[in-house]
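Read through the structure below, which is laid out as structure tokens, and then see the notes.
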Amino acid sequence: MAKIIINKSHYFHNLQTITNHIGDKNKIAVVLKDNAYGHGLLEIAKLANEFGIKNAVVRNVEEAKKIETLFEQILILADSNLESYSHTFHIAINGFEDIKRLPEKTNVHLKVDTGMHRNGFLLEELEEAIHGLLEKKLILTGVFTHFRSADELSCEFFWQRSVFIQAKNLVESICEKLFLPIPKFHCANSSALFRFKNYNFDMARIGIAQYGYLDTNPIFDNPELKPVMSLWANKIVTRELKKNQKVGYSGKFVADENIKISTYDVGYGDGFLRLNGDKQYYTPKGYRVLGKVSMDNISVDSIEDEICIFDDVKELAKIHNTISYEITTTLNPNLPKEVR
Ligand SMILES: *Cc1c(COP(=O)(O)O)cnc(C)c1O
């Protein structure tokens, strides 16, 4: 069966690199949403815990419950089913609707819209939002924002950062006026963190960098990260493909000599995005994936029993015209994980 291997030393290398930049591992919140970007929620949560990470970010309560005992604080980004919550959980408030929905005494982080305009409160709405929290007896534990183009070479990052600093000052003065404790402030994701020389907010939400990627403009002084995940497949059968014979759907690959080929047990049904045979993909050992990827298997010019399909998804991201996030996140959660 195909499987995913998680490289523990690469993972720890990345967490250490992030820690060195941010200066304190207590400031790191590992983003584990969507099955830890396809790496396996529990596997990655346990490793992060072993490294000493205390904060995590997930998408919903279901994910949070699975890792509840491994972290001191878990930020839940978007959930509409908040019947059951624990004191470890902190819920992101994305708008006035959220304030109405939440049960009393819930810990909340207010999302500030500093320019991405997906969700969150504008600066002029913050005072009303905080009063709304008080009325509903919600506990303000954090205030955060998200950058829309920290990975690109533009001044937008600086503009959003200055809007967030204004929001921070504003929230601090509102809290002082109302005798509320000052919440934690956080803004950076992976690419934003590495654009700060000195990150002096309380927390950063680190997703992709912990997994070994940073799809950032190479002009920035990017750290050396190591991809954590590799995908492995097992041989189903080997056969000979004679010169001029074709293999797979549409006969996209044509042998220009007699070659030995094998099918391996991974396909787009496992979330390994379909290569359509137009662009050549080579495995890390230099084997060619031949023609189109099928639902449950692929043809490769190898006879090995087990092969590594990828140990770095940058090339696949390029071929599929997407970002490394999508290549790892679409992998089927049912693929077995092995931590080494
Ligand atoms: C997914 C997400 C992150 C992590 O982003 P990376 O680019 O993977 O580091 C941080 N903050 C929010 C709000 C997110 O949704």
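The values are calculated or read from the model by the stated rules, or taken from the named source; none is laboratory data. Worth saying up front: this structure is predicted, and the values here are computed from it rather than measured. Backbone-built Cβ (ideal geometry, glycine too); neighbour counts: all protein chains shown.
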Checklist outcome for this item: Of the residues in segment 168-200 that are among the hydrophobic types (A, V, I, L, M, F, W, C) and within 16 Å of the ligand (Cβ to nearest atom), the one that is nearest to H90 (Cα to Cα) is F185
Checklist entry - Hey, does segment 26-36 have a residue that's away from the ligand (no atom under 16 Å from the Cβ), surrounded by 20 or more Cβ atoms within 10 Å (Cβ to Cβ) and closer than 16 Å to T328 by Cβ? => result no
Checklist entry - From G142, G115, G120, G132, which residue is more than 23 Å from N55 (Cβ to Cβ), under 22 Å from the mean Cα position of the chain (by Cα) and surrounded by 14 or more Cβ atoms within 10 Å (Cβ to Cβ)? => result G115
Next on the checklist: Given the criterion more than 16 Å from the ligand (Cβ to nearest atom), in contact (Cβ under 8 Å) with a residue 12 or more places away in the chain and of a type outside the set (F, W, Y), identify the matching residue among K337, K314.
Outcome noted: K337
Next on the checklist: On the basis of being within 16 Å of the ligand (Cβ to nearest atom), of a type in the set (A, V, I, L, M), without any contact (Cβ under 8 Å) to a residue 60 or more places away in the chain and in a strand (DSSP E or B), does A64 make the cut?
Outcome noted: no
Checklist entry - All but one of (1) crowded, with 23+ Cβ neighbours inside 10 Å; (2) part of a helix (DSSP H, G or I) hold for A56; which doesn't? => result (2)
Checklist outcome for this item: Just one listed residue, out of V163, V228, is among the β-branched types (V, I, T) and within 30 Å of I307 (Cβ to Cβ), and it is V228
Item to check | Filter result (in a loop (DSSP other than H, G, I, E, B), within 11 Å of the ligand (Cβ to nearest atom) and either over 14 Å from the mean Cα position of the chain (by Cα) or modelled with pLDDT of 95 or more (or both)) within segment 201-235 | outcome: G207, Y213, T216
Checklist outcome for this item: If we ask which residues in segment 93-112 are buried (at least 20 other Cβ atoms within 10 Å of the Cβ) and either under 25 Å from the mean Cα position of the chain (by Cα) or of a type in the set (K, R) (or both), their number turns out to be 8
Checklist entry - Looking at this structure, is K168 on the phi < 0 side of the Ramachandran plot, assigned to a strand (DSSP E or B), in the same structural domain as D202 (by the TED database) and charged (D, E, K, R)? => result no
Next on the checklist: Condition first: over 15 Å from I182 (Cβ atoms) and not in a loop (DSSP other than H, G, I, E, B). Now tell me which residues in segment 138-163 satisfy that.
Outcome noted: E156, F157, F158, W159, Q160, R161, S162, V163
Next on the checklist: Give all pairs with beta carbons closer than 7 Å in which a residue from segment 122-140 that is under 14 Å from V112 (Cα atoms) meets a residue that is in a helix (DSSP H, G or I) and of a type in the set (S, T, N, Q); count only pairs at least 6 apart in sequence or on separate chains.
Outcome noted: L123/Q166
Item to check | Pair list, Cβ < 9 Å and 6+ apart or interchain, from segment 198-210 residues that are acidic (D, E) to residues that are away from the ligand (no atom under 13 Å from the Cβ) | outcome: D202/K27; D202/P183; D202/K184; D202/F185
Checklist outcome for this item: When restricted to S294, S324, S299, the only residue of a type outside the set (V, I, T) and closer than 19 Å to I5 by Cβ is S324
Checklist outcome for this item: Over segment 237-272, the set of residues surrounded by 13 or more Cβ atoms within 10 Å (Cβ to Cβ) and within 25 Å of E338 (Cβ to Cβ) is T238, S262, T263, Y264, D265, V266, G267, Y268, G269, D270, G271, F272
Checklist entry - So which residues in segment 321-340 are within 21 Å of D265 (Cβ to Cβ), within 17 Å of the chain's Cα centre (by Cα), hydrophobic (A, V, I, L, M, F, W, C) and not in a helix (DSSP H, G or I)? => result L331
Checklist entry - Only one residue in L180, L231 is touching a strand residue (DSSP E or B) at 6+ places or on another chain (Cβ under 8 Å) and surrounded by fewer than 20 Cβ atoms within 10 Å (Cβ to Cβ). Which one? => result L180
Checklist entry - Just a yes or no: is a residue in segment 109-116 in the same structural domain as N35 (by the TED database), away from the ligand (no atom under 14 Å from the Cβ) and at negative phi? => result no
Next on the checklist: Condition (residue is small (G, A, S), at pLDDT 95 or above and within 30 Å of the chain's Cα centre (by Cα)) applied to segment 256-263: is it met by at least one residue?
Outcome noted: no
